[in-house]
């Protein structure tokens, strides 16, 4: 048997044709879709895609599910081409009222489809039949699409708000708790936590997000003039938590850290406070001398996974950083003081069953302004939707 080389785009086109919804047979639309899916950066495939776009844009509205399925696994550029083609099909059909709502609902019900396509299908259904779309949200509080789940949770919150306004406190609290449990949107979660606490309820933000609180930390190492970011210090070569290492100003050892912050923020400055300034020191009003500068610390934790599985490591930090999983580099970013937020960086990884080692290098530069003193990070492990994955043995990993 002879095997011919095929490009990734060609292989993707074959996979797409084999996975058409409902066992659909080839048609002018499905024949044209691979050319759209092959577009990429720097205009790659644009000429062929432009011809294919014309075919797809001229299709009848009944072809919308097939066009939406073309977004499964498509890169963002191809997805944008397909969105514009869908807009053209809807316009040609005379607007949302002329769309095949039943087939769009069936497409939406298949959660294996790309979340972007399912969101677009929902918007098309809502444009054609708002009442039906609103009813569909009742079954989407656990949807794998973050956007659809957010809207479904918002509907639960609206019901809870009405109960609260009607002074049905216990029922309102139960509804808010349900919404909190289902939500994966950071702003929504924080607002719900505030409301639940105001009503006398309790929430576990650390457990809900899955922030890791227990670490071993070592430092400081030298980062004068930023040279430490690329320097390979001993923790990158070998993890020995009993070893005394050569730090910036002498020997340094690993020490345990357990953050009490409910958002999992590990404040490295607490582990390495600076020496007190001389009695006659007069720092400028615009500067801050709090915290060590031009330094690096490493933090490591063991995450025990119940199974081999895909996951995401999500990080928030104002500092430059590098992350390793089980000794292999995951990602890095050499940027300082751009602000910190939950899920600032998202990194797809694969956890192996049993112990997994997560190592982070957190770098502090030498700027001395009030907004440059923070030397901290927060890290959590979750799935692609944002549902926390708890390590085996943690209280949150126990069955409810």
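Values quoted throughout were computed directly from the atomic coordinates according to the rules given, and no laboratory measurement underlies them. As the structure is a computational prediction, the values presented were derived from the model and not from experiment. Cβ sites come from the backbone with ideal geometry, for glycine too, and all protein chains shown count toward neighbours.
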So what's Rg/Rh here for the range 8-139, counting alpha carbon atoms and using the Kirkwood radius for Rh? 0.96
Looking at the calculated P(r) for the chain, what percent of the C-alpha pair distances fall above 36 Å? 44 percent
Contact order normalised by length for the range 146-203, with contacts defined as Cα pairs under 8 Å and 6 or more residues apart; what percent is it? 32 percent
Between residue 197 and residue 240, what length comes free when the chain is fully extended (0.36 nm per residue of separation minus the Cα-Cα distance, one decimal in nm)? 11.2 nm
Would you mind calculating the relative contact order of the chain from Cα pairs under 8 angstrom and at least 6 residues apart, reporting the percent as a whole number? 12 percent
Work the Kirkwood hydrodynamic radius out for the range 122-224: mean of 1/r over every pair of different alpha-carbon atoms, inverted, in Å. 15.6 Å
Crossing angle, helix 28-37 versus the chain [Cα axis fit, 0-90 degrees, rounded to tens]: 20 degrees
Quick one: angle between helix 8-18 and the longest Cα principal axis of the chain, in degrees between 0 and 90, rounded to 10, please. 50 degrees
The range 290-332: proportion of alpha-carbon pairs further apart than 11 angstrom, %: 78 percent
Shape metrics for the range 288-400, restricted to C-alpha atoms - Rg then Dmax, Å: 15.4, 48
So what is the calculated 222 nm ellipticity per residue for the chain, using -39500 (n - 2.57) for each DSSP H run with n of 4 or more, over all residues, to the nearest 500 deg cm²/dmol? -11000 deg cm²/dmol
Expressed as a whole-number percentage, the relative contact order of the range 87-206 with C-alpha contacts under 8 angstrom and at least six residues apart is 16 percent
What shape does the range 146-203 have by the C-alpha gyration tensor, where a ≥ b ≥ c are the square roots of the eigenvalues, rounded means a/c under 1.5, and otherwise prolate means a/b greater than b/c and oblate the rest? oblate
Crossing angle, helix 186-198 versus the chain [Cα axis fit, 0-90 degrees, rounded to tens]: 70 degrees
Would you please state which residues of the range 291-332 a label at residue 353 would reach in this model, taking the label point 7 Å out along Cα→Cβ and a backbone N cut-off of under 14 Å? 305-310
How much length would be gained if the chain were fully extended between residue 205 and residue 138, taking 0.36 nm per residue of separation minus their Cα-Cα distance, in nm to one decimal? 21.7 nm
